1. How do LYS111, LYS349, LYS405 rank by accessible surface area computed with a 1.4 Å probe, from largest to smallest?
2. At what distance in nm do the modelled label points of SER85 and LYS365 sit from each other, each positioned 7 Å from its Cα along Cα→Cβ?
3. Treat each spin label as a single point 7 Å out from the Cα along the C-beta direction, and report the THR176 to LEU154 distance in nm.
4. Residues with beta-carbon under 12 Å from that of PHE364, excluding PHE364: net charge, scoring Lys, Arg +1 and Asp, Glu -1?
5. For region 64-109, with only Lys/Arg (+1) and Asp/Glu (-1) charged at the beta-carbon, what is the dipole magnitude about the Cα centre, in debye rounded to 20?
6. Where does each of 92-99, 371-378 land if you order them by average Cβ count within 10 Å, highest first?
7. For ALA251, which sequence-distant residues (separation of 5 or more, or a different chain) have an amide H within less than 5 Å of its own amide H, given hydrogens modelled in the peptide plane?
8. With every protein chain left in place and a probe of 1.4 Å, what is the accessible surface of VAL388, to the nearest 10 Å²?
Amino acid sequence: MPFRSIVRELKEIGEGISNMYRRGGEAKHVHRHGKSHIAPECSLPPPPSSSSSSSSSSSWQSRWANLPPELLLDIIQRLEASETSWPARRALVACASVCKLWREITKDVVKTPEQCGFITFPISLKQPGPRDSPIQCFIRRERMTSTYCLYLGLSPALSGDMSKLLLAAKKIRRATCTEFIISLVSDDFSWASNTYVGKLRSNFLGTKFTILDGEPAHETSLPLNCKLQQRVHLKQVLPNKVAAAANYKVATVSYELNVLRTRGPRRMRCMMHLIPIFAIQEGGNAPTPLKFTTNYLNDHASTTTEHASTTTPDSKGKKPEVVEFDSTGTANTPESIQRAREPLVLKNKAPRWHEQLQCWCLNFKGRVTVASVKNFQLVAAAEPCQNVSAAEQEKVILQFGKIGKDIFTMDYRYPLSAFQAFAICLSSFDTKPACE
């Protein structure tokens, strides 16, 4: 069979899967352009056009599921090499949705963004970006709905309708803080949804923000002085069933108070609690999750409740419990290793004053065209004892800036992930009267 015919049929499979989810009601949301979703690891039901008989269902699946692994590997490798941009890269998502064998081979072929520079699956949003060149995205702000959408692409003018939606956030103002709920889709920001990714929470003054992840981190790669805070909310959903929603503190963004009310850009620092400083040293690696924790909340609800009741008892059960997990101790750790595993700290790059333009300037390399107090570039803030090269400290890890009305660019690179970079940029949208 010609390669183009195989690719054409794979795309038809992807369209059939999306139609199946739209009509079958397995997902709450309709399929929309830019949304990528990997089906659960089980056999897929027949497409809508086929009959409901078991014989037709098995024959439709066996047509592709019984393909020889060697041939399948060659097909997916050629597909991965040829489809390097969205929406054509959607064919790889369709391959991973056929069956478990296709899923495993596709996951082995498709590399992480750090290795290939492409975003393919939803887990790619939690993985570090490439080391050599940044992944270029843009954020569109909707003032009426207080939503912020992150798209993959240079700008709306260049990408148009071909822009790939990566993440969406909704701003919610509360009495003592502001929260940004981050989701994989732009029309569901519920904690109970499987599209929930995490959130950003501010303090009362808007000077300190906490990035909370909905997925637990891999404790083997945590900095030594890091603590995971798990907030457990228990509520009765169905009789004899308990749902637990957990959030894990992964980073803190702080803005310096402007007590003297002097003119100038904001000064910010980001402490990445789950990224050690050795990740940017020579030969270092950042934590890279390979998959989402399947059914973590359901399987972990009973043990989490037990830990919460023993550490912070609450007889009435009205307030959520906070459980802290300490990583391995530091008593017997050499001082050099302990310094290397300290959390990475980012700071905004200091701009220079331009006399002719009478404004503060940074070199965004053409990616930012409108002056704004929200614009920033983040670089590593390392101590001399941490053995980080000068070139690495000058490298811009994240830059964010305005290019038009309610349109902003966001370029990120290793060791940040798209989720972490997006959450940091969201902190710039909140009102900060004490910092300006």
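The values are calculated or read from the model by the stated rules, or taken from the named source; none is laboratory data. Not measured: the values here are computed from a predicted model. Using ideal geometry, Cβ is built from the backbone for each residue, glycine included, and neighbour counts are taken over all protein chains shown. To get the accessible areas, we keep the full protein, side chains included, count just its heavy atoms, and leave off ligands, DNA and RNA. Shrake-Rupley method; radii C 1.70, N 1.55, O 1.52, S 1.80 Å.
1. LYS405, LYS111, LYS349
2. Using points 7 Å along Cα→Cβ, the separation is 1.8 nm.
3. So the two model labels end up 4.8 nm from each other.
4. Overall, the nearby charge balance is +3.
5. 220
6. The peptides rank, most packed first, as 92-99, 371-378.
7. Those lying under 5 Å, H to H, from ALA251 are ILE211, HIS273.
8. Approximately 20 Å² of VAL388 is accessible to the 1.4 Å probe.
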